[in-house]
Structure formats: structure tokens, C-alpha cells
Amino acid sequence: MALTRDRVDALRATAREVREDIVRMVHAAACGHPGGPLGMADFMTTLFLEHLDLTPENRHAEDRDRFVLGNGHTCAGYYALLAQKGLLDREQLLTFRKMGSPLQGHPHRNLELGIDFSTGSLGNGLSVAAGMALGAKMSGWSSRIYCASSDGESQEGQIWEAATSAAHWGLSNLTVIVDFNDIQIDGRMRDVMDVRDLRAKYAAFGWHAVEIDGHDVVAIDHALCEAKAETERPSAIVARTTIGKGVSFMEDQSSWHGVAPNDEQLAQALEDLAAAAS
Ligand SMILES: Cc1ncc(C[n+]2csc(CCOP(=O)(O)OP(=O)(O)O)c2C)c(N)n1
């Protein structure tokens with residue numbers, strides 16, 4: 001069913017809160033990756049709030065949905081969404097990257113908090129998600145397995161082994177969302193190593209594959225609904241995004257891949273996000 005006007009507004013409002021949490025967390029840690037998760041906030045929010053069946057009540061259930069963050073460095077947004085879902089306290093977010101915190105700079109498996117797998121070494125996530133999807137199918141569970149990935153991560157050969165396997169096994173319960181912002185740690189993705197048309201690549205590997213505007217919550221929700229309706233093939237959603245989305249001085253800047261804002265920059269970022277809301 002299509003999103004109502006109220007749901008669209010609510011998702012946009014939550015995505016804005018997630019963005020505020022991201023900049024606050026990276027500022028408090030004085031290190032981390034703000035750009036990627038700011039760009040992913042719209043599709044992560046739509047996935048987590050509208051589709052991912054993970055709650056404090058069902059976190060230990062075998063047949064619940066799973067999520068794997070392949071591009072693990074973008075975990076500030078992931079943690080902010082786990083807080084939105086009640087799996088951790090919002091105040092806990094400010095322990096991000098601190099000694100002893102479960103919220104490290106790359107996800108560390110913690111089923112109590114709903115973190116299904118440790119990631120950070122790019123390329124592994126989709127293989128893990130494919131394994132979870134195969135296991136769920138063999139067990140007869142209705143679980144859906146979601147994986148986030150990125151254009152930079154798509155340079156890893158292991159992604160394409162996973163893509164081959166998932167199509168071979170007909171893992172229709174698996175969906176990958178690729179954050180395609182044409183930026184990676186060293187600059188423009190197309191200059192570092194161009195992965196080209198990822199939608200066409202996934203389609204050629206036997207996947208149901210679409211490309212969408214990764215900031216349009218209606219298009220994101222529609223693509224996730226289509227993926228759920230698919231009965232034969234795994235689904236790939238290539239989400240065109242802008243790194244740093246919502247923060248004027250971070251947008252489309254590779255320099256904000258992995259740098260913390262200082263006090264003035266945090267204030268400016270929060271001002272930008274508030275202005276976008278009005
Ligand atoms: C196997 C591996 N190689 C290198 C790195 C270092 N690294 C961390 S993030 C990154 C760039 C990833 O590209 P992308 O996810 O597109 O970056 P973003 O859009 O977040 O800027 C790299 C090379 C890593 N984490 N894992």
C-alpha cells in the first residue's frame with residue numbers, strides 16, 4: 001500500500017532527527033564518518049520504520065528480519081535508527097566510539113541491541129546477508145534479509161561472488177540497497193575506480209534491480225514493496241544519494257567522508273537541518 005501523506009511527513013521528520021543524531025554523535029566522538037550516513041538517512045529511515053521487522057520484543061526470535069551494514073563505517077545512522085526503534089536509548093548514542101561503549105566506529109555484533117553482524121571490512125556484508133537469507137529459506141522462516149552497501153564497496157570482488165550465489169539460490173528474501181553517491185574515501189568514485197551502471201550489473205547477475213532517487217521516501221518505499229513482492233530473484237535497489245545530505249558544507253564533498261565537525265561546524269549543521277524542516 002502506498003504511503004499516506006502523514007507517513008511521508010513522519011518519515012521525513014525521523015530522517016531529520018537521525019541526521020541530527022549523526023552529526024551530534026560524530027562531533028562528541030571527535031572522529032568518525034558523518035557524510036555517508038547523512039546521505040543514507042532517507043532510505044535507512046524508510047527501511048527501518050516501514051519494513052524491517054525488528055523490535056525490542058522480537059530481537060531474539062529466529063524468524064525475524066535481519067539487517068547487515070556492509071559499508072560498516074556508516075554506522076552512526078544505523079545506531080540512530082536502532083534508537084528510533086527502541087533497541088537502545090537515544091542518550092546512549094553519545095557514547096559512540098568511546099571506550100567500553102557497544103557503539104563502536106564499526107558495528108560489533110550484539111543481538112541485545114539488534115546488531116546482527118560485525119562489519120567494517122568492505123565486501124563481506126552481502127555474503128553474510130546471502131548466507132542468512134539461504135538459512136532462513138532452508139528453515140522455512142518468513143524472515144527478510146536486508147543489506148546496505150555502497151558504490152565504493154562494489155569495487156570489492158567478493159560482492160560479485162555473493163551476487164552470483166544469491167541469484168543461483170533464488171534468494172528472493174534478500175534485498176540490497178546500494179548507497180550510490182559517487183564519493184568514496186579518496187575522492188570521486190568514478191575517478192578512483194568506476195563501478196559504472198550497478199543496476200545493469202545486478203540485473204545481469206540475475207537480480208531484480210532498480211535505480212531510484214535515494215532521498216525520495218515514496219520511491220524508496222515503493223522499491224522495498226516491489227522487492228517484497230518478488231518471488232524468484234533477490235532484489236537490488238541502487239539509491240542515488242548525495243553524501244552529507246542536509247548539511248550545506250558537507251554535501252557532495254569527499255572530505256566529509258570521515259572527519260568530525262568542530263563546535264562551530266556542529267552548530268551550522270544543526271542550523272541547516274532545522275532550516276530544511278521549516
Ligand atoms: C576491505 C577494506 N578496504 C578498505 C577499507 C577502507 N575504507 C573505509 S571506507 C572506504 C570507502 C568506501 O566507499 P563508500 O562506502 O562509497 O564511501 P562513502 O560513500 O561513505 O564516502 C574505504 C576504502 C575498508 N574499510 N575495508
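What follows draws every value from the coordinates through simple rules; no lab data is involved. Since this is a predicted model, take the numbers as computed values, not measurements. For neighbour counting, all protein chains shown are included, and Cβ atoms are generated from backbone atoms with ideal geometry for every residue, glycine included.
What the table below lists for this structure:
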quantity	calculated
Enumerated helices (runs of 4 or more DSSP H) restricted to region 68-187, each holding at least 3 residues that are without any contact (Cβ under 8 Å) to a residue 60 or more places away in the chain and over 28 Å from residue 250 (Cβ atoms)	125-139, 157-168
Among (1) among the aliphatic types (A, V, I, L, M); (2) away from the ligand (no atom under 16 Å from the Cβ); (3) surrounded by fewer than 24 Cβ atoms within 10 Å (Cβ to Cβ) - the single one residue 189 does not satisfy	(2)
Selection count where residues are within 11 Å of the ligand (Cβ to nearest atom), touching a strand residue (DSSP E or B) at 6+ places or on another chain (Cβ under 9 Å) and more than 15 Å from residue 117 (Cα to Cα), scope region 38-76	2
Flag if residue 232 is acidic (Asp, Glu), touching a residue at least 12 places away in the same chain (Cβ under 8 Å) and closer than 26 Å to residue 115 by Cα	no
Failed item, numbered, when residue 150 is tested on (1) crowded, with 23+ Cβ neighbours inside 10 Å; (2) more than 16 Å from the ligand (Cβ to nearest atom); (3) hydroxyl-bearing (Ser, Thr, Tyr)	(2)
Positions within region 192-219 being away from the ligand (no atom under 15 Å from the Cβ) and part of a helix (DSSP H, G or I), in sequence order	199, 200, 201, 202, 203, 204, 217, 218, 219
Qualifying residue in region 243-251 (condition: more than 18 Å from the chain's Cα centre (by Cα), crowded, with 20+ Cβ neighbours inside 10 Å and in a loop (DSSP other than H, G, I, E, B))	yes
